[in-house]
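The values are calculated or read from the model by the stated rules, or taken from the named source; none is laboratory data. All values reported here derive from a predicted model rather than from experimental measurement. Here the Cβ positions follow ideal geometry from the backbone for every residue, glycine too, while neighbour counts run over all protein chains shown. All accessible areas refer to the heavy atoms of the entire protein, side chains included, with ligands and DNA or RNA removed. Shrake-Rupley method; radii C 1.70, N 1.55, O 1.52, S 1.80 Å.
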Protein chains: 2
Amino acid sequence: MAASKEELTLLGVMGSPFLHRVQIALKLKGIEYKYVEDDLNNKSDLLLKYNPVYKMIPVLVHNDNPISESVVILEYIDDAWKHNPILPSDPYQRAQARFWAKFIDDKCVAPAWKSAFMVDETEKAKAKEELFEALGFLENELKGRFFGGDEIGFVDIAAVFIPIVQVIAGLPLFSSEKFPKLFQWCQDFHNHPLVNEVLPTKDQLSTYFKARVQSLAPKNKN
Amino acid sequence: MAASKEELTLLGVMGSPFLHRVQIALKLKGIEYKYVEDDLNNKSDLLLKYNPVYKMIPVLVHNDNPISESVVILEYIDDAWKHNPILPSDPYQRAQARFWAKFIDDKCVAPAWKSAFMVDETEKAKAKEELFEALGFLENELKGRFFGGDEIGFVDIAAVFIPIVQVIAGLPLFSSEKFPKLFQWCQDFHNHPLVNEVLPTKDQLSTYFKARVQSLAPKNKN
């Protein structure tokens with residue numbers, strides 16, 4: 001209530017691709033915000049207060065109004081600040097972008113994670129097969145330098161976990177022979193000045209990944 | 001290419017809540033369209049052509065441009081025809097509506113289905129527990145007559161499967177004591193003239209449900 005008009009806080013954990021989606025969008029809009037690092041093993045009262053449903057980062061808090069779920073936050077940022085649009089203006093192109101962002105969440109995120117970190121080789125191979133099927137669709141969809149055309153857009157931002165795993169963590173999900181366009185996109189996206197500035201360091205990633213691997217591993221110890 | 005400006009076709013299967021989401025949105029906008037019934041056991045060439053990724057209904061085809069995934073279609077309808085808005089105009093309210101629609105897809109749809117149709121009693125009880133946890137959040141979120149306030153909006157449309165199962169199919173997911181506000185919402189939503197006109201008959205539902213139950217049942221016969 002007492003908040004100034006543009007009080008903007010972002011709760012996150014460095015290394016989380018879902019956080020970095022939001023950071024790239026805010027960078028693209030040139031919006032300043034206060035970043036608060038959370039701890040997934042000891043969640044802050046602020047996180048529990050602002051995302052009581054999922055208790056997960058990222059949460060963007062704008063004038064005491066919390067928004068969670070990274071793709072919902074991207075839409076909010078594009079709705080609330082109209083300059084440097086993330087989504088195309090044409091309704092059909094917007095629908096296509098939303099379709100592919102949802103496809104990435106539904107079909108790519110879990111298999112990519114498992115392909116990179118799963119210990120069980122059979123499960124890993126199965127995840128890789130699922131991932132390759134999904135990436136085949138994305139490779140086919142990549143018509144320009146970026147999914148957004150000449151510049152980064154909604155789908156590129158949604159796909160940020162691919163270069164995070166592939167380029168920064170150095171855990172190649174696929175080769176340049178397998179998906180030549182996606183491979184080049186990974187490099188271009190990672191090296192884009194707006195993106196490169198907000199992506200985590202290898203050390204930050206390593207810390208985050210350790211926690212993630214632990215949470216994915218079968219619970220064989222008490 | 002040769003299509004007239006407003007050539008609009010909807011591919012669906014009567015009884016599918018995902019189809020009915022789109023039908024309610026089109027009704028709410030007063031938009032005429034050609035409906036084409038598909039067959040999930042023998043998918044049409046049109047469906048395979050227009051939704052090569054998921055091969056699932058509903059697909060809305062607007063001047064030969066296909067859009068799939070029901071929530072993406074709702075957004076498209078609201079973007080392409082601005083009158084009688086489905087989403088609120090305020091960016092924060094839009095974000096909230098998107099959050100709850102996503103919550104419904106992520107946390108309610110599968111457990112509701114399983115609660116109604118699962119044969120295994122242990123699995124059914126587990127699904128009901130998950131469903132009740134999720135519905136508790138929705139009950140708490142229902143501040144007016146509808147999620148959209150005095151009139152039907154994005155979240156109401158996303159939640160259409162609840163009255164379809166509860167009211168039309170007569171398979172009560174919950175009682176008026178358990179979730180009094182949601183229970184009343186179910187009746188009000190089902191009886192709303194815009195909604196009632198497009199919802200399936202009990203016979204259509206029965207046919208659809210049989211196919212769904214079959215697809216959910218363990219494959220113990222060849």
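Each Lys and Arg contributes +1 and each Asp and Glu -1, all at the Cβ; summed about the Cα centre of segment B:91-196, the dipole is approximately 180 debye.
Between A:LEU48 and B:LYS43, the FRET efficiency from the beta-carbon distance, with R0 = 60 Å, is close to 0.85.
Reported value for the protein assembly as shown: 179 Å³ per residue, from the convex hull of its C-alpha atoms. Of the residues A:HIS83, A:TYR54, A:GLY144, the one whose Cα sits farthest toward the positive end of the charge dipole of chain A, with +1 on the Cβ of Lys and Arg and -1 on the Cβ of Asp and Glu, is A:TYR54. Name the residue from B:ALA116, B:PRO180, B:VAL195 whose Cα lies farthest towards the positive end of the charge dipole of segment B:98-221, charges +1 on Cβ of Lys and Arg and -1 on Cβ of Asp and Glu. About the Cα centre, the residue reaching furthest to the positive side is B:ALA116. Per-residue shielding of A:103-116, expressed as the average number of other chain Cβ atoms within 10 Å of the residue Cβ, stands at 1. For the segment A:56-65, counting C-beta atoms of other chains within 10 Å of every residue's C-beta and taking the mean gives 1. For the modelled label position 7 Å from the Cα of A:ASN84 along Cα-to-Cβ, which residues of segment A:151-185 have backbone nitrogen atoms closer than 18 Å? Backbone N within reach: A:151-160. Note on B:ASP120 and B:GLU197: the extension gain reaches 24.3 nm, defined as 0.36 nm multiplied by sequence separation minus the Cα-Cα distance. In a simple Cβ point-charge model (Lys, Arg +1; Asp, Glu -1; nothing else charged), chain A has a dipole of about 400 debye relative to its Cα centre. Summed over both chains, the area buried between A and B is near 2400 Å², taken from the accessible surface of protein heavy atoms with a 1.4 Å probe.
Per-residue SASA remark: B:LYS178, around 110 Å² accessible (1.4 Å probe; ligands, DNA and RNA not included).
Here the Gaussian network model covers chain A, with springs between Cα atoms less than 10 Å apart; of A:VAL160, A:VAL13, A:VAL61, A:VAL61 fluctuates the most. Taking each DSSP H run with n ≥ 4 as -39500 (n - 2.57) and averaging over every residue of chain A yields -15000 deg cm²/dmol at 222 nm.
For B:GLY170, the distances from its label point to the matching points in the remaining copies are 6.7 nm, ordered from shortest, with each point set 7 Å beyond Cα toward Cβ.
Hey, can you list the residues from segment A:74-101 whose accessible area shrinks by 20 Å² or more with all protein chains present, relative to the chain by itself (probe 1.4 Å, no ligands or nucleic acids)? Residues shielded by partner chains are A:GLU75, A:TYR76, A:ASP79, A:PRO91, A:TYR92, A:ARG94, A:ALA95, A:ARG98, A:PHE99. Under 20 Å from a label point set 7 Å out along the Cα-to-Cβ vector of B:GLU151, the amide N atoms of segment B:15-29 belong to B:21-29. Net charge dipole, segment B:8-80: roughly 100 debye, given to the nearest 20, about the Cα centre with Cβ charges of +1 for Lys and Arg and -1 for Asp and Glu. Here's the picture: charge each Lys and Arg Cβ at +1 and each Asp and Glu Cβ at -1 in the protein assembly as shown, and of A:VAL167, A:GLN23, B:ILE157 the one pushed furthest to the positive end of that dipole is A:VAL167.
Residue-wise HN-Hα couplings along segment A:196-205, as the Karplus relation 6.51 cos²θ - 1.76 cosθ + 1.60 with θ = phi - 60° gives them from phi, are 4, 5, 9, 6, x, 7, 4, 5, 4, 4 Hz; Gly and Pro carry x. In chain A, what percent of the accessible surface is made up of carbon and sulfur (1.4 Å probe, ligands and nucleic acids excluded)? Its accessible area is 51 percent carbon and sulfur atoms.
With protein chains left intact and a 1.4 Å probe, residues in the protein assembly as shown average 49 Å² of accessible area per residue. Scaled to the globular estimate 2.2 N^0.38 Å, the Cα spread of segment A:91-196, given as radius of gyration, is 1.03. Summarised as an ellipsoid, chain A has semi-axes of 27, 24, 15 Å, derived from the eigenvalues of the Cα gyration tensor scaled by 5 and square-rooted, with the largest first. Between B:GLU129 and B:GLN204, the modelled labels are 3.7 nm apart [label points 7 Å from Cα along Cα→Cβ].
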